[in-house]
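J.: Handing you a structure now.
The values are calculated or read from the model by the stated rules, or taken from the named source; none is laboratory data. These numbers were taken from a predicted model, which means no experiment stands behind them. Every residue, glycine among them, receives a Cβ derived from its backbone with ideal geometry; neighbour counts consider all protein chains shown.
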Amino acid sequence: MRKIEKKSNYLDGWPTKNNELIKGDFFVTTVGAWSSEINDDYKNKIYPIRGQIIRYPKSEIKLDKILYSKNFYLLQRKCGSILAGSTIENVGFDKTVTAKAANELNEKAINLVPELRNFKPCKQWAGLRPGVKGNIPFIEQDNNYKNVYINSGHYRYGITMAPKSANEVLKLIEDK
Ligand SMILES: Cc1cc2nc3c(=O)[nH]c(=O)nc-3n(C[C@H](O)[C@H](O)[C@H](O)COP(=O)(O)OP(=O)(O)OC[C@H]3O[C@@H](n4cnc5c(N)ncnc54)[C@H](O)[C@@H]3O)c2cc1C
């Protein structure tokens with residue numbers, strides 16, 4: 001989606017990057033860390049926070065629960081592989097993975113489960129969380145367009161909060 005120009009208080013179509021117009025009665029923007037790129041109102045309010053994570057291959061190690069300590073967690077997927085995450089980095093729109101982060105995560109993982117020292121992480125990746133001050137997402141109507149809403153800024157908890165957040169947006173729209 002492209003940034004919208006605020007020319008009236010009702011939006012009947014949102015332009016895509018391919019210059020198509022997506023028509024609709026209501027629009028909800030859910031572009032996470034990129035929210036300020038399509039709506040100036042969220043400049044410096046929603047910003048990217050990089051999170052890197054590593055994965056260990058399936059092994060004989062069994063975790064019967066998620067282990068958590070000092071902002072760091074280890075969890076086992078059903079397939080047996082173990083995830084160790086994650087970093088919290090204010091580096092802008094940069095999804096690069098770094099050796100420094102891999103080493104730090106590996107060290108923390110070994111501290112929690114020493115047997116992990118026998119395994120090399122087989123994968124590393126990074127994502128950009130939509131950071132917000134105070135950790136409170138924006139679920140609200142646009143300042144200008146009466147039929148545009150935002151549901152963004154869920155920082156570290158967007159997956160957990162998705163069902164409730166979607167309900168909150170729906171309530172706002174239904175109240176109209
Ligand atoms: C390493 C890591 C671990 C995490 N672990 C957890 C966890 O265990 N539990 C949890 O609840 N949360 C977790 N999170 C946080 C969670 O991923 C986010 O809170 C969530 O993804 C935010 O959802 P969103 O839909 O707002 O944004 P996103 O998931 O970032 O989705 C936004 C989408 O919009 C697209 N987009 C951007 N600009 C445009 C545009 N102009 N037009 C169209 N599309 C666009 C992007 O490509 C992207 O696909 C984790 C995040 C990271 C990085």
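J.: Consider the range 145-175. How many of its residues are surrounded by fewer than 16 Cβ atoms within 10 Å (Cβ to Cβ) and touching a residue at least 40 places away in the same chain (Cβ under 8 Å)?
T.: So the answer is 2.
J.: I22: in the same structural domain as D142 (by TED's automatic domain parsing), more than 19 Å from G131 (Cα to Cα), within 11 Å of the ligand (Cβ to nearest atom) and not charged (D, E, K, R), yes or no?
T.: Taking the combined requirement at face value, the residue satisfies it.
J.: For the range 70-117, how many residues are under 22 Å from the mean Cα position of the chain (by Cα) and farther than 15 Å from I53 by Cα?
T.: Summing the residues that are under 22 Å from the mean Cα position of the chain (by Cα) and farther than 15 Å from I53 by Cα in the range 70-117 gives 5.
J.: Any residue in the range 91-110 that is closer than 14 Å to Y68 by Cα sitting within a Cβ distance under 6 Å of a residue that is of a type in the set (K, R) and part of a helix (DSSP H, G or I)? List the pairs, counting only those 6 or more apart or interchain.
T.: From residues that are closer than 14 Å to Y68 by Cα, the pairs are I110/R117.
J.: While we're here: Among the listed residues L172, L105, which satisfies the condition of being closer than 21 Å to V28 by Cβ and out of contact with any helix residue (DSSP H, G or I) (no Cβ under 9 Å at 6 or more places or on another chain)?
T.: L172
J.: Give me the strands (runs of 3 or more DSSP E) completely within the range 81-176, filtered to those with at least 1 residues that are on the phi > 0 side of the Ramachandran plot, among the basic types (K, R) and within 16 Å of the ligand (Cβ to nearest atom), ordered by residue number.
T.: Once the strands (runs of 3 or more DSSP E) in the range 81-176 are filtered for at least 1 residues that are on the phi > 0 side of the Ramachandran plot, among the basic types (K, R) and within 16 Å of the ligand (Cβ to nearest atom), nothing remains.
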